[in-house]
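Questions regarding the structure given below will be posed in turn.
The values are calculated or read from the model by the stated rules, or taken from the named source; none is laboratory data. Only a predicted model underlies this, so the values are computations on that prediction, with no experimental measurement involved. Note that we place each Cβ from the backbone using ideal geometry, even for glycine, and neighbour counts take in every protein chain shown.
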Amino acid sequence: MFSMIRRRAPALYPVPEVKVRRDPAPTRWHYRYQRMMLTPTYRILVRVGLPILTVALIGSLWYNNDANRTMVTSQIASLRASFEQRPEFMVNTVEITGAQPALELAIADLLDVSLPTSSWALDLDSMRASVTELTAVKSATLRVRLGGTLEIAVIERVPVAVWRYTDGLRLIDSEGVMTGMIPTRGDRADLPLIAGDGAKDRIIEALALFNAAQPIADRVRGLVRMGERRWDMVLDRDQRILLPGQDPVAALQRVIALDEAQDMLARDIAVVDMRIGTRPTIRLNQPAMNVLRNTEQVEPVAGE
Amino acid sequence: MMRQLYQSQRAMRNMRKAAMQRGVVAILDVGTSKIACLILRFDGPERTPANDGVGSMAGQSQFRVIGAATTRSRGVRFGEVDAMQETERAIRTAVQAAQKMANLRVDHVIACFSGARPRSYGLDGQTAVQGTIVTDQDIGRVLAACELPDYGADREVLHAQPINFALDHRSGMSDPRGQIGQQLTTDLHLLTVDASVIENLLYCIKRCDLELAGLASSAYVSGIASLVEDEQELGAACIDMGGGSTGISVFIRKHMIYADSVRMGGDHVTGDISMGLKVPMATAERIKTFYGGIFATGMDDREMIEIGGDTGDWERDRRTVSRAELIGIMRPRVEEILEDVRARLDAAGFQHLPGQSIVLTGGGSQIPGLDSLASRILGQQVRLGRPLRVQGLPQAATGPAFAGAVGLTLFAAHPQDEWWDFEVPAEKYSGKSFRKAVKWFKDNW
């Protein structure tokens, strides 16, 4: 019991400080604002749309200034130039292949590229177009090779015939395209001669005729296109072989066969008319005609 | 009147469906001492329901609590809105904080409240089955055939749940659809509350720019949350001891068959302490939660509590009180509440149920020693209940005080079929509707 009496006074349990917590309610407008900002559309608008708009606005205002604008364009231009002028893009030499020296000169003259230049500055397509515009050039391939070489591979047109035209002697290739002019026939004696309007359009046929006329090649002067319709083969001694519009090669071969059999062309004949295949005709020269008239007995001409 | 209610409840169901489609819904437990707001996100497809009851309209969903906030309740007394502006502000605070946590805006809210003098009615209806097989229409007709009691003009139906179906001589069916029979009988549990309370709460929620997607009785949802499955099946009562009122709900066969509330709760205990010790309510609340109890022991005579004060009078500011005195103040009030609960349960015929277990939940159930006092008054099978565990719920919101809020999440995810989930047969509509339209024109133009 003594111990009870001497017991210390019981401990006081303190009530913790009661603080009425502030519990502020949002105002109606704040509540609505918060709800609005939690709406996905508004969130995206504020988080993405607004920054983009701000940046765009600042950028456009800055760009609106003339000095700034020129600064930007010049900066871009200088950057571009410095990139294009890098040595790996530079073209130092032009190499023209497949062309004769004269044509080479003509092409170099035409292109007029001031070297060295950047390969970015070369417009290969238009250059190729202007090269192929040359009559002597059939086709051209342009490319910039590694090491700064502009290679122009040219395929020339090969003249196959000489065409006597009003303005002089033209060289034409197998497609009928004029490749150049020569002052005299003797310059290209190796090429056959053709003449007449529309001759160049039938150049293949003409070549075939020349080919067929091989046995009398030394006598052939050339072919004349008559009325843009048919060929006349002109031989020396003013002899002519009038060939039909259809199948002239076969007709020519008949004439050559006759010549070989009866030595026809060596005779005094002015014209061999093969225009109608069923009725070949010859016209004699006047002296021969006279001789024939005076002769009693006429030897029939073969093939009559 | 009934038609109107049916339509408004239907509208609420549609709103709930819309919220489900949005995938986000807020839960609002409007209590007397606190207002809790949880934000649920429904993810995952709606599962086919586990077949209890008549079969769910909406199905169980996977959901997750993504926002939770609690605020001191203001302007609510006895679980009813007392000061509209204050309540509105408190709801706003809770909703805003929860939204902030969820980082999401919610438009639909499901609310519960504890007061409004709930009253239970057991109804039954009988109808002949059209055809041979029971269909949805038959269920709608048998529910419509229930004779409504005259529950008063100023009251509204909050829940109307079919709890039992009987087909011919077979009773105790949970879902008679597809079965063959002639005579279909149903038992319907009708819970009515004061209409003005609902209107006030609706107005508060509307003022917060929220749409109401459902309304439930707090007693019912705390029962869902804190009764375990066998208790719900065999019969149990859930006593939700809230701040301003104590809700009682009786469950059997997984249906609520009775609900009531005692208009006393933890706030009255606090008030008693405040009056008895002459301290402010805030201090009294603090003393109650720190030192409160039901059973005094010898030790409690020696435990002195400093109750303080700030009058400047030394004698008054240094007052002390022993814990035994505090218990002496608290116990009669708690006893009174429990006696009242006992009376309500007796009146409801709780003693005839096969299971007699009683679960105490709610913030008031945290008083130490309450379970032994309750077992003296209510019966032997008393336990303290905590709400079910819900995914994503913060630790702070898992206590018994949140039984209502947690129950409401379950209610939101898996509502029980109510009367208005079934189509009312067409013949009930016709005739009146045209006259109603004419009347509406006359009234409004």
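Test of understanding: among B:T409, B:T398, which residue is closer than 30 Å to B:A102 by Cα and surrounded by fewer than 17 Cβ atoms within 10 Å (Cβ to Cβ)?
Result: B:T398 is the single residue among B:T409, B:T398 that is closer than 30 Å to B:A102 by Cα and surrounded by fewer than 17 Cβ atoms within 10 Å (Cβ to Cβ).
Counting just the residues of region B:293-305 that are among the charged types (D, E, K, R) and crowded, with 17+ Cβ neighbours inside 10 Å, which one comes out nearest to the other protein chains (Cβ to nearest Cβ)?
B:E303
Which one of these does B:G243 not meet: (1) within 14 Å of chain A (Cβ to nearest Cβ); (2) modelled with pLDDT under 90?
Only one criterion is unmet by B:G243, namely (1).
Let me ask you something else. Report yes if B:Q96 is touching a Pro at 6+ places or on another chain (Cβ under 6 Å) and either of a type outside the set (K, R) or within 8 Å of chain A (Cβ to nearest Cβ) (or both), otherwise no.
Judged against the criteria, B:Q96 is a match.
Further, regarding this structure: Among the residues of region B:137-192 satisfying the criterion of being assigned to a strand (DSSP E or B) and surrounded by fewer than 16 Cβ atoms within 10 Å (Cβ to Cβ), which is modelled with the lowest pLDDT? Give the derivation first.
Of the residues in region B:137-192, the ones assigned to a strand (DSSP E or B) are B:155-167, B:170-173, B:180, B:183-192.
Restricting the remaining residues to those that are surrounded by fewer than 16 Cβ atoms within 10 Å (Cβ to Cβ) gives B:170-172, B:180, B:183.
Values: B:R170: 85, B:S171: 84, B:G172: 81, B:I180: 86, B:Q183: 88.
Looking at the filtered set, the residue picked out is B:G172.
Which of the helices (runs of 4 or more DSSP H) found entirely inside region A:52-138 contain at least 2 residues meeting this: closer than 30 Å to A:R170 by Cβ? Working first, answer last.
Details: elements: A:66-84, A:101-111, A:124-133.
Qualifying helices (runs of 4 or more DSSP H): A:101-111, A:124-133.
Being out of contact with any Leu (no Cβ under 6 Å at 6 or more places or on another chain), in a loop (DSSP other than H, G, I, E, B) and within 11 Å of chain A (Cβ to nearest Cβ) is the filter here; which residues of region B:306-327 pass it?
Listed by number, the residues that qualify are B:G308, B:G309, B:D310, B:R318, B:R319.
Looking only at region B:62-93, filter to residues that are acidic (D, E) and within 13 Å of chain A (Cβ to nearest Cβ); which one of those is nearest to B:S218 (Cα to Cα)? Please lay out each step first, then the result.
So the first thing to find is which residues in region B:62-93 are acidic (D, E), and the list is B:80, B:82, B:86, B:88.
If we keep only those that are within 13 Å of chain A (Cβ to nearest Cβ) as well, we get B:86, B:88.
Working: B:E86: 21, B:E88: 19 Å.
Out of the qualifying residues, it is B:E88.
Tally up the residues in region A:104-148 that are crowded, with 16+ Cβ neighbours inside 10 Å and charged (D, E, K, R), please.
3
Oh, and also: In region A:66-123, which residues are under 24 Å from A:A136 (Cα atoms), among the β-branched types (V, I, T) and touching a residue at least 40 places away in the same chain (Cβ under 8 Å)?
The answer is A:T93, A:V94, A:I96, A:T97, A:I107.
Another question, if that's okay. Here is a check on your reading of the model: is A:I44 more than 14 Å from chain B (Cβ to nearest Cβ) and assigned to a helix (DSSP H, G or I)?
no
Cβ-Cβ under 7 Å, sequence separation 6+ or interchain: first residue in region A:185-211 and closer than 26 Å to A:R254 by Cβ, partner part of a loop (DSSP other than H, G, I, E, B) and not small (G, A, S). Which pairs?
Hits for this filter: A:G198/A:E228; A:F210/A:P192.
Here are some conditions: (1) closer than 26 Å to A:L171 by Cα; (2) surrounded by 13 or more Cβ atoms within 10 Å (Cβ to Cβ). A:T281 meets all but one. Which one does it not meet?
Every listed condition holds for A:T281 apart from (1).
Here's a follow-up. Residue by residue through region B:196-206, note down the ones that are surrounded by fewer than 17 Cβ atoms within 10 Å (Cβ to Cβ) and of a type outside the set (S, T, Y).
Passing the criteria: B:E199, B:L202, B:K206.
Let me ask something else. Is at least one residue of region A:196-210 surrounded by 18 or more Cβ atoms within 10 Å (Cβ to Cβ), outside any helix (DSSP H, G or I), hydrophobic (A, V, I, L, M, F, W, C) and touching a strand residue (DSSP E or B) at 6+ places or on another chain (Cβ under 9 Å)?
The answer is no, given that none of the residues of region A:196-210 is surrounded by 18 or more Cβ atoms within 10 Å (Cβ to Cβ), outside any helix (DSSP H, G or I), hydrophobic (A, V, I, L, M, F, W, C) and touching a strand residue (DSSP E or B) at 6+ places or on another chain (Cβ under 9 Å).
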